[in-house]
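Just below is one structure, and these are the notes that go with it.
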Amino acid sequence: MTPQSSTENPFTLGVASGDPLPDSVVLWTRLAPCPHEPGNGLPREGAIPVDWELARDEHFRRVVRCGTAQARAEDSHTLHVDPRGLDPDSVYWYRFRTGPWISPAGRTRTAPEPHATVASMRFGMLSCQQYDEGYYTALRHLADEDLDAVFFLGDYIYENAIDAQAGVRNYTDQPLPDFYNHWLIDLDDFRQRYALGKTDPDLQAAHAAHPWYVTWDDHEVENNYAGDISQGNLPPEQFRARRAAAYRAYWENMPLRRAQRPSGADLRLHRRFQYGRLAQFDILDTRQYRSDQAYGDGWKYPGPESENPARTLTGAEQERWLLDGWRESTATWNVVAQQVVFSQRKNTTAARSKVSMDAWDGYPASRARVLAGVEQAGIENLVVLTGDVHVNYAMDIKKDFNAPDSRTLGVELVGTSVSSGFDGDDRPDDWSGMLAANPHMKFYNGRRGYVIVTLDAERLRADFRTVSGVVVPGAPVTTAASFVSPAGAPGFRPA
Ligand SMILES: [Fe+2]
């Protein structure tokens, strides 16, 4: 069966674009006439030709590039079209066609030239969209925002079993097939979990509206894995096989270039983008190369094991690449898009207090080397973007987190989840305790949503956009708080 002979629309999973460069942006889709079947109702071998076109207008009257690409069975019929020679800093529209079927149109945008003067840039940041814990209401609102790009910071899928009702989504009229009701192990499992998520109309709208820069965290493979080490300490070769399947399905389903196509269980996800002279974006991978969590993971007292300087969160090669990139940077803002909380978070005001062994707090030598690199490179405007913890924080990055008067080296924005953790609360149980224990924490909120960041020559502005709930669809979005940090003098204050 091919779409040409099929009566089923193969464009059930939407379109996406990503990793904008001044002359190119990746255009993505996946053919899936039967999205809930392993193989998506397509042959397991061969390829299906798909026409694509790129236009300057949403009605496709001024088509500037077109071509035919092969949706290959070995890539689960995904496309990663990489047209070159585009104009910088420009809006484009794209769509795909096979047989009688035309995909929805996507809107995207190229990056400015590296030396261009850019007055301002506005992007969204989001993470953590556990399908069965809530609707993707935040993504629907994100689609309506006026943005240049979106940064996705990990946990695009989760590896848990999903029942026929899809958890709180309560699909009683059209229950999900039993296929989803087991933990993700092999390639079909991971491929189908992406297909399930991508059937969501709100996720499709968010991808179709903006180009995304993506990175992953742990749940794209398994909770809190570290390099080759699984949470439950599977034999490493067994875990590497699972990681290879997970990484393969990740590349297939994200708007990434061929340079990111994995080889076995290895995928180079850390990469760098310039946005004119305004911003440099370093996208990190703090999962693939990290040392195992100290003290068996969780919230623990720091000690010789966690403080061992031989341990690393980034791996030596990625750390060198990051620091070298800063030395050569001439951007006003140096933005690091990554997964786990960078700033210190103590859970009590006591001098000796537990910290999260899965975050940078569990790898203090790694953090110290990175902050030394910031100072050595003369980076004035460090901005760290973070996901993972399903709450919003605005934090000042201190030279010495235990000395509130020490220099502020940058700022960190931690964005809440899209849906993971159900509805959330404005003030989670540990709200006052965390703020008291961490004077560099200027804001803490536990609702679902996303963050809008606006950069210009004078300042960074962050708007924390939250929805009242995700267990029931259709909640409106509001701004819970807004903060600014001046260029050249980092530190958050209310806007
Ligand atoms: Fe998460």
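The values are calculated or read from the model by the stated rules, or taken from the named source; none is laboratory data. These figures come from a predicted structure and were not determined experimentally. No Cβ is skipped: glycine too gets one built from the backbone with ideal geometry, and neighbour counts run over all protein chains shown. All accessible areas refer to the heavy atoms of the entire protein, side chains included, with ligands and DNA or RNA removed. Shrake-Rupley method; radii C 1.70, N 1.55, O 1.52, S 1.80 Å.
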Can you name every one of the strands (runs of 3 or more DSSP E) wholly within the stretch 18-121 that holds 2 or more residues which are without any contact (Cβ under 8 Å) to a residue 24 or more places away in the chain and either open to solvent by less than 30 Å² (accessible area, probe 1.4 Å) or of a type outside the set (S, T, N, Q) (or both)?
63-72
Here's a check for you: in the stretch 412-429, which residue that is among the charged types (D, E, K, R) and farther than 19 Å from Leu142 by Cβ is surrounded by the fewest Cβ atoms within 10 Å (Cβ to Cβ)?
Asp429
Looking at (1) out of contact with any His (no Cβ under 7 Å at 6 or more places or on another chain); (2) closer than 30 Å to Ser329 by Cα; (3) surrounded by fewer than 24 Cβ atoms within 10 Å (Cβ to Cβ); (4) touching a residue at least 40 places away in the same chain (Cβ under 8 Å), which is the only condition Phe152 fails?
(3)
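Please tell me if Ser482 is under 18 Å from Leu147 (Cα atoms) and open to solvent by 10 Å² or more (accessible area, probe 1.4 Å). So that I can check it myself, show each step before the final result.
Details: under 18 Å from Leu147 (Cα atoms): yes; open to solvent by 10 Å² or more (accessible area, probe 1.4 Å): yes.
So Ser482 fits the description; yes.
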Of everything in the stretch 258-298, what is surrounded by fewer than 17 Cβ atoms within 10 Å (Cβ to Cβ), touching a residue at least 24 places away in the same chain (Cβ under 8 Å) and assigned to a strand (DSSP E or B)? Give them in sequence order.
Arg272
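Restricting attention to the stretch 220-241, which residues are of a type in the set (A, V, I, L, M, F, W, C) and touching a residue at least 12 places away in the same chain (Cβ under 8 Å)?
Narrowing the stretch 220-241 to residues of a type in the set (A, V, I, L, M, F, W, C): 221, 226, 229, 234, 239, 241.
Val221, Ala226, Ile229, Phe239, Ala241 - these are the residues of the stretch 220-241 that are of a type in the set (A, V, I, L, M, F, W, C) and touching a residue at least 12 places away in the same chain (Cβ under 8 Å).
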Per-region count, the stretch 172-197, residues open to solvent by 60 Å² or more (accessible area, probe 1.4 Å), free of Cβ contacts under 8 Å to residues at least 60 places away in the same chain and within 23 Å of the chain's Cα centre (by Cα)
2
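Suppose the filter is under 23 Å from the mean Cα position of the chain (by Cα), under 24 Å from Val477 (Cα atoms), away from the ligand (no atom under 16 Å from the Cβ) and at pLDDT 95 or above; does Glu145 pass it?
Details: under 23 Å from the mean Cα position of the chain (by Cα): yes; under 24 Å from Val477 (Cα atoms): yes; away from the ligand (no atom under 16 Å from the Cβ): yes; at pLDDT 95 or above: yes.
The answer is yes for Glu145.
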Leu322, sole failed condition from (1) farther than 22 Å from Lys442 by Cβ; (2) within 16 Å of the ligand (Cβ to nearest atom):
(2)
Quick check, is Asp202 more than 23 Å from Asp358 (Cα to Cα) and away from the ligand (no atom under 16 Å from the Cβ)?
yes
Failed condition for Asp217, given (1) open to solvent by 30 Å² or more (accessible area, probe 1.4 Å); (2) touching a residue at least 24 places away in the same chain (Cβ under 8 Å); (3) among the acidic types (Asp, Glu)
(1)
Please go through the stretch 198-212 and pick out each residue that is surrounded by fewer than 23 Cβ atoms within 10 Å (Cβ to Cβ) and either outside the structural domain of Asp163 (by TED's automatic domain parsing) or over 24 Å from Gly39 (Cβ atoms) (or both).
Asp202, Ala205, Ala208, Ala209
Output the number of the condition that Leu269 fails; it satisfies all remaining conditions of (1) at positive phi; (2) in contact with a strand residue (DSSP E or B) (Cβ under 9 Å, 6 or more places away or on another chain).
(1)
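What residue, of Asn224, Asn181, Asn253, is modelled with pLDDT of 95 or more and within 16 Å of the ligand (Cβ to nearest atom)?
Values: Asn181 fails: within 16 Å of the ligand (Cβ to nearest atom); Asn253 fails: within 16 Å of the ligand (Cβ to nearest atom).
It is Asn224.
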What is the number of the single condition among (1) open to solvent by 30 Å² or more (accessible area, probe 1.4 Å); (2) in a loop (DSSP other than H, G, I, E, B); (3) more than 24 Å from Ala294 (Cα to Cα) that Ser406 does not meet?
(1)
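To keep it simple, each residue is scored yes or no on (1) at pLDDT below 95; (2) within 16 Å of the ligand (Cβ to nearest atom); (3) in the same structural domain as Val214 (by TED's automatic domain parsing); (4) not acidic (Asp, Glu).
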| position | (1), (2), (3), (4) |
| --- | --- |
| Val355 | no, no, yes, yes |
| Asp358 | no, yes, yes, no |
| Tyr363 | no, no, yes, yes |
| Ala368 | no, no, yes, yes |
| Asn392 | no, yes, yes, yes |
| Asp405 | no, no, yes, no |
| Arg427 | no, no, yes, yes |
| Trp431 | no, no, yes, yes |
| Asn438 | no, no, yes, yes |
One residue is enough: does the stretch 318-326 have a residue meeting the conditions modelled with pLDDT of 95 or more and under 30 Å from Ser432 (Cβ atoms)?
no
Given the conditions (1) open to solvent by less than 30 Å² (accessible area, probe 1.4 Å); (2) part of a strand (DSSP E or B), which single one is not true for Arg447?
(1)
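Matching residues to (1) under 20 Å from Leu196 (Cβ atoms); (2) touching a strand residue (DSSP E or B) at 6+ places or on another chain (Cβ under 6 Å):
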{"residue": "Gln70", "(1), (2)": "no, yes"}
{"residue": "Glu74", "(1), (2)": "no, no"}
{"residue": "His80", "(1), (2)": "no, yes"}
{"residue": "Thr110", "(1), (2)": "no, yes"}
{"residue": "His115", "(1), (2)": "no, no"}
{"residue": "Gly124", "(1), (2)": "no, yes"}
{"residue": "Glu133", "(1), (2)": "yes, no"}
{"residue": "Thr137", "(1), (2)": "yes, yes"}
{"residue": "Asp144", "(1), (2)": "no, no"}
